[in-house]
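S.K.: What follows is a structure written as structure tokens; I'll ask about it next.
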Amino acid sequence: MDFNQLAERLLPGEYPDLETYENKYPPRDLPAKAEVTRLAPSPTGFIHLGNLFVAIANERIAHQSGGTLYLRIEDTDLKRKVDGAVEAVIAALDYFDIRFDEGAEIDGANAYAPYYQRQRAEIYRAYAKELIRKGRAYPCFCTEEELSALRDEQTANKEITGYYGKYAKCRNLSEAEICAALDAGKPYVIRLKSMGDASKKFTFHDEIKGDVTVTENDQDVVILKSDGIPTYHFAHAVDDHLMRTTLVIRGEEWLASLPIHLELFDVLGFKRPKYGHNCSLMKMDGESKRKLSKRKDPELSLSFYRQEGYHPFAVKVYMLTLLNSDFEEWHRKFPEKPLEEFPFRISKMSRSGALFDLDKLNDISKTELSALSAEDMLAFLKEWALAYGSEKEQAYFADEDYLLKVLSLCMGVGGKKRRKDFVTARQAMGEIGYFFGDYVQKDAYRVDKAARDAVLEKFLESYDPADDAQVWFSKVKEIASSLGFAAEMRDYKANPEAYKGSVSDVAEVLRIAVTGKANSPDLWTIMQIFGERRTRERIAAAINA
Ligand code: GLU
């Protein structure tokens, strides 16, 4: 068979010789240890926690080593393409402070452009043509029906499915048979002629998992589809080479395709990049662990974190906690240091599935939010509220001075210890609702209706907004004793039967009446922020409830 002629017939016309591409996309001028990493999403519109997980690892390794992180869009499969998906990926990652140096829609030097695979069709064809010339790729005329019949036969025989070995019918077509099929105008794909042997295994060094044993590829995978568009496998190998990627950190779901990818790199004469396959994120489901699932777990989608108003910094802290075993301790020791200063290492990444736990993220969020200034908290809440808040919540920002007072109090700014009441923007907006007339009684009263009405009425009689905190509290104590509650805790403890309760029960009545909660920041200060009118209204409303 004359492979040159075959190549000409299958992919007619002048293609630049491969040197042209090698020269157009030369090795990068970077320091010796610099890593070039990438994110290569398909524009399906769904971007999830696993993507963020590897994005952070790729970003850290690239930037920490003085290298480059770029964004490539793997859009060869049009069926899965969703409009606006690229912008959505960039926006989602930008929210978590993942910045690309170059790539699709990125304002960078972009010397390795284009970064959309569909725009690189000619390059892939040129490389495919070369493989045909070398006798390492061939046309396959099998129809969908034939392939599906083959699959059925293999399944019935309990054999591995696919196009390989004796099943690779078109692999051994004669020149005459190929010409006849082409003359008849039969559609065809181009397949790799694999030289692998599936009975052989080899050891591969994975940057994350260490040495892994995998089976040689023997599948004659499609490299160009019938419309001349490459498959993901082929396109990504050509791109990772020409874009001079040195390290690929990606999800372990790709480990199964690795033997194909390695064979492609080898047959194309490319130097293989290093690979690190990251374990899937798991969660506890009852007693057992399972992978996070798109269908069952809303927290898998990155949009969940924005909609709920998780602070991106907190999410990033949690991701780093899962990514590198000693990060948590480092961050606790140096809470002020920018995360970029943490020495991130692939060698510290877990080899088995990291356990994702929303409660742990919530804990981290509380700590991180409590460390913000009231001003930063306000800015964060505002951004969230404008995008996701109700109209009522958006109105909280009409008087920012008032809101700042509220936030300072609720966060314990200036106090001995910061309060950790806020978890997410959505939850925080709910927490402070009572400052804006949005009262919800979250906790139940311990004192019966008659007794608490008596407390509230007496409070209204003696209430003077000009009282300082001490006078205010002495009045609460007076109310307590006048109604049969112990004014002093120790008296109550010494003789509980003698009283209806203690001053703390009285204070709790006031607290729930005003805030809806048994636990709140300092009640005197809340009333100061409320002002007299709103305080009186709130208490009257509780009496009338
Ligand atoms: N396009 C693949 C994806 O959608 C990328 C796989 C890789 O990183 O090599 O995840």
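The values are calculated or read from the model by the stated rules, or taken from the named source; none is laboratory data. It should be emphasised that the depicted structure is a prediction, and the values quoted were computed from it without experimental measurement. Cβ sites come from the backbone with ideal geometry, for glycine too, and all protein chains shown count toward neighbours. For the accessible areas, the whole protein counts, side chains as well, though only heavy atoms, and no ligand, DNA or RNA atoms are used. Shrake-Rupley method; radii C 1.70, N 1.55, O 1.52, S 1.80 Å.
S.K.: Considering amide H positions built from the backbone, and no H for Pro or chain starts, which residues 5 or more places from Ile223, or on another chain, come under 5 Å of its amide H?
M.R.: Distant-sequence amide H within range of Ile223: Ile190, Arg191, Leu192.
S.K.: At a Förster radius of 35 Å, what calculated FRET efficiency corresponds to the Cβ-Cβ distance of Gln119 and Ile160, to the nearest 0.05?
M.R.: 0.50
S.K.: Enter the angle in degrees (range 0 to 90, nearest 10) between the Cα long axis of helix 532-544 and the first principal axis of the Cα atoms of the chain, meaning the one along which they spread out most.
M.R.: The answer is roughly 90 degrees.
S.K.: Under the classification rounded if a/c is under 1.5, otherwise prolate if a/b is larger than b/c and oblate if not, where does the range 113-219 fall, given a ≥ b ≥ c as square roots of the Cα gyration tensor eigenvalues?
M.R.: oblate
S.K.: Now for a different question. Using a cut-off of 11 Å between beta-carbons, work out the net charge of the residues near Ala237 (Lys and Arg +1, Asp and Glu -1, Ala237 not included).
M.R.: Values: positive: Arg272; negative: Asp239, Asp240, Glu263, Asp266.
Taking every other residue near Ala237 into account, the sum is -3.
S.K.: Moving on to the next point. What does the charge add up to near Lys333, with Lys and Arg as +1, Asp and Glu as -1, over the other residues with Cβ less than 15 Å from its Cβ?
M.R.: -3
S.K.: Give the carbon-plus-sulfur fraction of the accessible surface of the chain in %, rounded to a whole number; probe 1.4 Å, heavy atoms of protein chains only.
M.R.: Carbon with sulfur: 50 percent of the solvent-accessible area.
S.K.: Expected output is a single nm value to one decimal: the length gained when fully extending between Ser481 and Lys348, i.e. 0.36 nm times separation in residues minus the C-alpha distance. What is it? Before the final figure, lay out each step's value.
M.R.: Working: separation 133, 0.36 × 133 = 47.88 nm, distance 6.19 nm.
Taking Ser481 through Lys348 to full extension adds about 41.7 nm, to one decimal.
S.K.: Still on this structure, please answer the following. Going through the range 1-56, which GluC sites (Glu not before Pro) have at most 15 other Cβ atoms within 10 Å and a DSSP loop state? Could you put the intermediate results ahead of the total?
M.R.: Details: sites: Glu8, Glu14, Glu19, Glu22, Glu35; in loops: Glu14, Glu35.
Here the sparse-neighbourhood loop sites are Glu14.
S.K.: Determine the sum of side-chain charges near Ile526: Lys and Arg each +1, Asp and Glu each -1, restricted to other residues whose C-beta is under 11 angstrom from that of Ile526. Could you put the intermediate results ahead of the total?
M.R.: Numbers: positive: Lys405, Arg511, Lys517, Arg534, Arg538; negative: Asp522.
Net local charge, Ile526 excluded: +4.
S.K.: Return the loop-located GluC sites (Glu not before Pro) in the range 241-307 (DSSP other than H, G, I, E, B) with at most 10 other Cβ atoms within 10 Å of their own Cβ; answer none if there are none.
M.R.: Passing sites in the range 241-307 are Glu287.
S.K.: A follow-up question, please. For an R0 of 45 angstrom, estimate the FRET efficiency from the Cβ-Cβ distance between Asp94 and Arg151 and round to the nearest 0.05.
M.R.: E(calc), rounded to 0.05, equals 0.60.
S.K.: Which of the cysteines found in the chain have nothing to pair with, since no other Cys Cβ lies under 4.7 Å from theirs?
M.R.: Cysteines lacking a close Cβ partner in the chain: Cys142, Cys179, Cys279, Cys410.
S.K.: Sort Phe234, Phe304 from largest to smallest accessible area, using a 1.4 Å probe on the heavy atoms of the protein chains.
M.R.: From most exposed to least exposed: Phe304, Phe234.
S.K.: I would also like to ask the following. Report the gain in length on full extension from Lys33 to Ser474: 0.36 nm times residue separation, minus Cα-Cα distance, nm rounded to one decimal.
M.R.: On the way: separation 441, 0.36 × 441 = 158.76 nm, distance 6.91 nm.
Going from the current span to full extension adds 151.8 nm.
S.K.: If you fit an axis through the alpha-carbon atoms of helix 258-267 and take the longest principal axis of the Cα set of the chain, what angle between them do you get, 0 to 90°, nearest 10?
M.R.: So the inclination is approximately 40 degrees.
S.K.: Whole number please: convex hull volume per residue, Cα atoms of the chain, in Å³. List each step's numbers first, then the result.
M.R.: Values: hull volume 114.6 nm³, N = 545.
Taking the convex hull of the Cα positions in the chain, it is 210 Å³ per residue.
S.K.: Give me, ordered by chain and number, the residues 5 or more places off Tyr275 or on other chains with an amide H under 5 Å from its own placed amide H.
M.R.: Amide H to amide H, under 5 Å and 5 or more residues apart or across chains, Tyr275 pairs with Glu207, Val248.
S.K.: Each residue of the range 105-119 in turn: what ³J(HN,Hα) in whole Hz from Karplus with 6.51, -1.76, 1.60 and θ = phi - 60°, glycine and Pro shown as x?
M.R.: 6, 9, 7, x, 5, 6, 6, 9, 5, x, 9, 9, 4, 4, 7
S.K.: Turning to a different aspect of this structure: What value does the range 1-108 have for Rg/Rh, both radii from Cα atoms and Rh as Kirkwood defines it?
M.R.: 1.10
S.K.: Can you tell me the 0 to 90 degree angle between the C-alpha axis of helix 85-95 and the longest principal axis of the chain, rounded to 10?
M.R.: Between helix and principal axis, roughly 50 degrees.
S.K.: Would you list, by chain and number, the lysines whose Cα falls below 30 Å from the Cα of Lys169, excluding same-chain residues fewer than 8 positions away?
M.R.: Lys79, Lys129, Lys134, Lys158, Lys186, Lys193, Lys200, Lys201, Lys225
S.K.: List the trypsin sites (Lys or Arg not before Pro) within the range 51-104 that DSSP assigns to loop and that have no more than 15 neighbouring Cβ atoms inside 10 Å.
M.R.: Arg99
S.K.: Given a Förster distance of 45 angstrom, what is the FRET efficiency for Leu460 paired with Phe334, based on the Cβ-Cβ distance and rounded to 0.05?
M.R.: Rounded to the nearest 0.05, the efficiency is 0.35.
S.K.: Any lysines with Cα under 24 Å of the Lys337 Cα? List them, leaving off those in the same chain fewer than 8 positions away.
M.R.: Within the straight-line cut-off, Lys337 pairs with Lys316, Lys348, Lys360, Lys366, Lys416, Lys417, Lys420.
S.K.: Here is a follow-up. Enter the Cα centre distance for the pair the range 258-293 and the range 58-101, rounded to the nearest angstrom.
M.R.: The two parts, judged by their Cα centres, are 18 Å apart.
S.K.: Which far-off residues, 5 or more places away or on another chain, put their amide H under 5 Å from the one on Asp285, with H placed in the peptide plane?
M.R.: Sorted by chain and number, the residues that satisfy this are Arg290.
S.K.: Given 20 °C and 1.002 mPa s, how large is the Stokes-Einstein diffusion coefficient of the range 167-209 in µm²/s, with Rh as the Kirkwood radius over Cα pairs?
M.R.: The diffusion coefficient I find is 155 µm²/s.
S.K.: Measuring with a 1.4 Å probe in the full set of protein chains, what accessible area per residue, in whole Å², belongs to the chain? Each step should come with its number before you reach the end.
M.R.: Details: 26010 Å² over 545 residues.
The answer is 48 Å² per residue.
S.K.: Can I ask one more? In what order, largest first, do Thr143, Thr203 sit by accessible area if the probe radius is 1.4 Å?
M.R.: Largest to smallest exposure gives the sequence Thr203, Thr143.
S.K.: For the range 354-467, what does the alpha-carbon gyration tensor say about shape, rounded, prolate or oblate, given a ≥ b ≥ c as the root eigenvalues, a/c under 1.5 as rounded, and a/b over b/c as prolate?
M.R.: prolate
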